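Q: One structure coming up, written as structure tokens, with questions to follow.
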Amino acid sequence: MFKSDADLFAFAKTKLYVPAVCDILDHLGFRHQAMHQRLRPLLPDPKNCGFAGRAPSEFVFCAG
């Protein structure tokens, strides 16, 4: 459908909006995928778009 990631991101930035994406994810069974409404962007441009991923982490407790 898209020739490149740039085309995909351009489509996402201009055509998609948060409520529609959340409804689609809910319908597909992916609940609680949106950030809380109190969170605000760090940059003034609210239309940042890109891939996101989780970094592996491990909790380490050191009793001193």
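The values are calculated or read from the model by the stated rules, or taken from the named source; none is laboratory data. Everything quoted here is computed from the prediction, not taken from an experiment. For neighbour counting, all protein chains shown are included, and Cβ atoms are generated from backbone atoms with ideal geometry for every residue, glycine included.
Q: I'd like to verify a number: residues in the stretch 17-49 that are among the charged types (D, E, K, R), part of a loop (DSSP other than H, G, I, E, B) and modelled with pLDDT of 80 or more, how many?
A: Residues in the stretch 17-49 being among the charged types (D, E, K, R), part of a loop (DSSP other than H, G, I, E, B) and modelled with pLDDT of 80 or more: 1 in total.
Q: Report whether or not Ala55 is exposed (fewer than 10 other Cβ atoms within 10 Å of the Cβ), of a type in the set (A, V, I, L, M, F, W, C) and either in contact with a helix residue (DSSP H, G or I) (Cβ under 9 Å, 6 or more places away or on another chain) or modelled with pLDDT under 80 (or both).
A: It is true that Ala55 is exposed (fewer than 10 other Cβ atoms within 10 Å of the Cβ), of a type in the set (A, V, I, L, M, F, W, C) and either in contact with a helix residue (DSSP H, G or I) (Cβ under 9 Å, 6 or more places away or on another chain) or modelled with pLDDT under 80 (or both).
Q: If the Cβ limit is 9 Å and pairs must be 6+ apart or interchain, which residue in the stretch 1-26 that is at negative phi and loosely packed, with under 11 Cβ neighbours inside 10 Å pairs with which residue that is of a type in the set (Lys, Arg) and modelled with pLDDT under 85?
A: Listed pairs, sorted by first residue: Thr14/Lys47.
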